[in-house]
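Reading through the structure tokens given below for one structure.
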């Protein structure tokens with residue numbers, strides 16, 4: 001996403017300055033999260049969406065930072081659930097400070113984001129945002145409850161990733177546009193564009209757990225699988241004749257070894273599970289494009305399109 | 001606090017209804033928290049404070065519920081840090097569902113409280129509240145960082161309990177009054193009254209860790225001590241000739257046994273540590289009374305006074 005480096009740099013600077021604290025833990029946690037890089041897709045969406053309206057640069061920067069801080073807060077709490085040691089190659093807060101401190105580091109980031117939102121957002125946007133944050137929490141709880149459940153179906157999966165990921169993409173885009181004065185159908189298309197893109201993004205992300213390169217993602221292959229989080233390719237595999245039973249046999253084992261993960265990984269590629277997942281991702285991408293095409297044909301639309309194209313190619 | 005049973009009943013009903021969800025985990029968590037009872041001091045403060053102005057009953061009920069939900073969210077996250085199995089005799093969320101789920105149960109409650117605040121509070125109150133929540137988080141992180149630190153002084157302790165407890169008392173009272181139209185000096189006195197009361201409350205609460213009866217508090221005696229949280233009586237004890245060295249010797253042990261806790265407990269009583277702590281608590285209480293006395297002499301002032309008197313007598 002080199003195209004948006006200027007947006008990202010400005011955002012990183014804003015976040016570091018805004019979160020400066022005389023608590024070492026908090027500064028370190030924020031710096032780790034910033035250093036971890038990440039695509040900053042949500043704040044980029046805020047910024048670009050604003051251009052469909054009449055945007056105020058400073059206001060949008062604050063909102064974009066609020067959205068990224070909210071995302072960071074969920075990452076910190078998410079890493080507690082996943083017991084993740086690394087996030088984008090950087091040590092996670094829960095690994096560095098322990099789960100206990102990480103809980104309040106996440107709460108702190110959440111509060112900092114709400115402080116920005118309270119200052120910048122209209123009550124309408126605040127209400128919409130609250131609703132999304134609530135659904136994100138429910139999505140995380142669902143994901144935890146669905147762990148190791150071999151009966152999970154595609155509908156459960158899609159509902160989960162909608163809540164876990166896509167809604168935050170959608171609301172970021174929505175508030176960027178709404179707070180820049182956009183109303184009516186364009187706002188609706190923009191929201192849907194980002195929602196569908198979020199679905200593609202998460203499917204792609206889940207595929208990288210199979211195909212991804214450890215060095216780039218900072219994540220061991222098969223990590224979700226080992227943690228009992230069954231994503232789209234596994235769900236397809238479980239339903240496939242000739243593969244389903246073998247997969248269940250492995251997943252039902254008490255301890256899943258690296259060898260087991262490799263066997264499942266091989267089956268995902270050998271069967272059509274990987275391709276089917278990609279196809280479903282493509283379907284959401286098409287829907288995103290459809291919504292985008294209904295928007296006014298201005299420069300920023302091309303930039304939004306660029307993000308979509310990048311989705312298909314990304315390996316991180 | 002039988003005097004306020006009608007307020008408490010209405011509040012409990014509102015919270016259960018408002019938090020109804022089709023997720024068993026969330027309903028159970030909320031019911032456990034409600035069943036745990038608790039004094040509901042913060043929502044009572046909201047309600048009473050409103051009577052100094054021109055209060056709207058429904059609006060205040062929503063705000064009071066928001067404040068209690070915020071408090072419950074911090075309890076859930078707090079129990080994760082403390083690894084507490086029981087809270088007021090009820091199983092904690094972290095014990096029932098595991099730390100992992102408890103993280104998002106807390107986040108969910110936080111979001112539900114913010115949804116109420118967004119609907120009911122002026123931007124002025126929202127900004128003040130955000131600031132307090134941020135300081136509560138910092139207070140929790142500080143408490144964790146100060147664990148097992150035998151060099152902690154009274155100033156550190158007072159700063160910690162101000163953030164951990166007193167500020168939420170103060171802001172609850174402030175927004176109850178402010179949102180009922182109260183302005184000027186009375187608002188200032190009310191805020192200070194609740195802040196000082198919060199300090200007394202936490203000192204009293206910490207004293208109960210030594211004197212409290214397990215059955216009533218649902219908390220084993222010396223639990224804070226065993227967890228490395230050194231409260232006022234310990235800080236006094238550490239500074240006392242004839243007791244300090246013995247205390248350090250025990251606290252520096254690798255494992256603190258029940259016998260050790262009993263020895264420290266005995267020293268707290270034998271020395272003036274317990275009495276000195278009570279005296280400091282009384283000082284804050286006096287300040288609270290002073291502020292209260294500057295407020296208009298109306299019926300609700302007597303009710304506020306009642307809460308203060310109850311503080312001194314409470315054993316739970």
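Values quoted throughout were computed directly from the atomic coordinates according to the rules given, and no laboratory measurement underlies them. Fair warning: this is a prediction, and the values are worked out from it, not measured in the lab. Here the Cβ positions follow ideal geometry from the backbone for every residue, glycine too, while neighbour counts run over all protein chains shown.
In whole percent, what relative contact order does chain A give with Cα contacts below 8 Å and a gap of six or more residues? Relative CO of chain A lands at 19 percent. For the protein assembly as shown, adding -39500 (n - 2.57) for each run of n ≥ 4 DSSP H residues and dividing by the number of residues yields -23500 deg cm²/dmol at 222 nm. Here the stretch A:131-218 is described by how far its Cα atoms reach on the three principal axes: 44, 30, 19 Å, from widest to narrowest. The same position residue B:57 in the other copies lies at 5.4 nm from this copy, comparing label points 7 Å beyond Cα toward the beta-carbon, shortest first.
Could you give the angle, 0 to 90 degrees to the nearest 10, between helix A:5-18's Cα long axis and the longest principal axis of the Cα atoms of chain A? Value to nearest ten degrees: 80.
As a proxy for reagent exposure, A:300, A:136 were ordered by neighbouring Cβ count within 10 angstrom, fewest first; the result is A:300, A:136. Please compute the contact order of the stretch A:23-132 in relative form: average sequence separation of alpha-carbon pairs under 8 Å and at least six residues apart, divided by the residue count, as a percent. So the answer I get is 29 percent. The listed peptides A:292-299, B:272-279, A:20-27, B:74-81, ordered by packing as a protection proxy, come out as B:74-81, B:272-279, A:20-27, A:292-299 (highest mean of other Cβ atoms within 10 Å first).
Build a GNM of chain A with springs between Cα atoms under 10 Å apart, and of A:66, A:281, A:184 the one that fluctuates most is A:184.
Per-residue mean of foreign Cβ neighbours for A:248-258 is 0 (Cβ atoms of other chains, 10 Å radius).
Rounded, prolate or oblate, given the Cα gyration tensor of the stretch B:86-174, with a/c below 1.5 counting as rounded? Oblate shape, in that a/c is at least 1.5 and b/c is the bigger or equal ratio.
Taking the number of Cβ atoms within 10 Å of each Cβ as an exposure proxy, the fewest-first ranking of A:95, B:241, B:303 is B:241, B:303, A:95. Across identical copies of the chain, residue A:270 has label-point separations of 7.4 nm, listed in ascending order, with the point defined 7 angstrom from Cα along Cα→Cβ. With everything on Cα atoms, drop me the angle between helix A:41-50 and the longest principal axis of chain A, reported from 0 to 90° to the nearest 10. The angle comes out at about 40 degrees. Name the shape class, rounded, prolate or oblate, that the alpha-carbon gyration tensor gives for the stretch A:66-107, where a ≥ b ≥ c are the square roots of its eigenvalues, rounded holds for a/c under 1.5, and otherwise prolate holds if a/b is larger than b/c and oblate otherwise. Because a/c hits 1.5 or more and a/b fails to exceed b/c, the stretch A:66-107 counts as oblate.
Legend: translational diffusion of the stretch B:141-298 by Stokes-Einstein, Rh = Kirkwood radius over C-alpha pairs, 20 °C, 1.002 mPa s; D = 127 µm²/s. Averaging Cα coordinates gives a centre for the stretch B:262-316 and one for the stretch A:69-125; these two points are 37 Å apart. Starting from the Cα gyration tensor of the stretch B:2-313, take the square roots of the eigenvalues, sort them a ≥ b ≥ c, and report rounded, prolate or oblate (rounded when a/c is under 1.5, otherwise prolate if a/b is larger than b/c, else oblate). Since a/c reaches 1.5 but b/c is at least a/b, the shape of the stretch B:2-313 is classed as oblate.
Semi-axes of the equivalent ellipsoid of the stretch A:1-53 are 24, 12, 8 Å, computed as sqrt(5λ) over the eigenvalues of the C-alpha gyration tensor in descending order. Equivalent ellipsoid of the stretch A:220-300: semi-axes from √(5λ) of the C-alpha gyration tensor, largest first, are 34, 14, 9 Å.
Expressed as an acute angle from 0 to 90° and rounded to the nearest 10, what is the orientation of the C-alpha long axis of helix A:93-120 relative to the principal long axis of chain A? That helix lies at roughly 40 degrees to the long axis. For the stretch B:1-152, the spread of Cα positions along the three principal axes, ordered from largest to smallest, is 47, 37, 30 Å. Between identical copies, the spacing of residue B:35 label points, each set 7 Å from Cα toward the C-beta atom, reads 4.6 nm from nearest to farthest. Once every Cα of the protein assembly as shown carries one equal point scatterer and solvent is ignored, give the base-10 log of I(q)/I(0) from the Debye formula at q = 0.09, 0.10, 0.11 Å⁻¹, two decimals. The Cα Debye sum returns log10 ratios of -0.79, -0.95, -1.11.
Counting beta carbons within 10 Å around each of B:72, B:199, A:240 and listing the fewest first gives the order A:240, B:199, B:72.
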